[in-house]
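Structure, as structure tokens:
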Amino acid sequence: MVVAREAYKTQLAELGETIAKLGEKTLKSIRQSGEMLANSDMGLAEDIIARRRDIDRLRRTVEDSCMSLMLLQQPMASDMRFVTSAFRSVSDLGRIAEMALDIAELEDEMDTESVETVGSRLRDLSEKSADMVETALSAFVSSDADVAEQVFEMDNGVDEAFLALRATIVDELRSDEEDVSARTAPELLMIAKYYERIGDHAQSVADWAIFRATGTYRGHQLGQA
């Protein structure tokens, strides 16, 4: 019985470590996508693409561990909240990684001159969204609801930066200089939107961090009407 209990505790600890590794790699892809935009470093696209395989492997490991714990160990109370929130959060991290990959692939197909005029601002937007993800992950790993609440405040900065950048791209299209061409504007707008959506997924991770810490999800106990 003691051996089984120790194995159970080890499995929970390994789950937490795997989520931390998954988060670290996901964050690196977000930040590298921004550096790629600002510096036109196409080599970073290869890093992001290669890392995606590791992210997929870690995501599957988390999902398998969660299912094993729920079906075989039947965790209770705080352990059950941890496993449930981990299972749900990993899908958000997967979507974030997919968007970082999409950004890299979009940039890889664009000429560098088309990105130069807004590249640094796209990097700033990527950093803001990455900071949201990092804070949400920190809150999840430490089971800290107060830290998780900070993520929702940070989203205002991401939304403001996105709207301002979108307005700049549209204004450039209307100007005589045409620093942003009609051919590349849709891709630039899509990249900016991806970063805004990454912020949305970071908020979802924060929601699950709060659930892990308190048992409430978006202000309600799960199962209540």
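All of the numbers you see were taken from the coordinates with simple rules; none came from a lab. The structure presented is a predicted model; accordingly, all values stated were derived computationally and were not measured. Positions of Cβ are backbone-derived with ideal geometry, glycine not excepted, and every protein chain shown enters the neighbour counts.
Summary of values
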quantity	calculated
Computed helical MRE - 222 nm, the chain, DSSP H runs ≥ 4 contributing -39500 (n - 2.57), nearest 500	-29500 deg cm²/dmol
Farthest positive-ward along the chain dipole, Cα basis, beta-carbon charges - from THR61, SER78, ALA148	SER78
Using alpha-carbon coordinates, inclination of helix 119-142 to the longest axis of the chain, degrees	10
Candidates per trypsin sites (Lys or Arg not before Pro) in the range 1-43, loop by DSSP, up to 13 other Cβ within 10 Å	none
Nearest-ten-degree value, helix 77-109 long axis tilted from longest Cα axis of the chain	20
The range 198-218 and the range 97-164: distance between their alpha carbon centers, rounded to Å	17
Simple label model, 7 Å out from Cα along Cβ direction - SER91 to MET42, nm	3.8
Calculated FRET efficiency for the pair LYS9/GLU105, C-beta based, R₀ 35 Å, to 0.05	0.25
Label point distance in nm, ASP146-GLU160, each placed 7 Å from Cα along Cα→Cβ	2.5
Angle between the chain longest axis and helix 145-174 axis [Cα atoms, degrees, rounded to 10]	20
Full-extension gain in nm, ARG53 to THR216, via 0.36 nm per residue minus C-alpha separation	55.3 nm
Average Cα contact separation per residue, the chain, under 8 Å, 6 or more apart, as relative contact order %	26
Cα-centred dipole magnitude for the range 24-148, charges only on beta-carbon of K, R (+1) and D, E (-1), debye, nearest 20	700
Qualifying lysines (Cα of each under 27 Å from Cα of LYS128; at least 8 residues distant if same chain)	LYS21, LYS25, LYS28, LYS193
Residue-by-residue Karplus 3J(HN,Hα) for the range 67-75, coefficients 6.51, -1.76, 1.60, Hz, glycine and proline x	5, 4, 5, 5, 7, 9, 9, 6, x
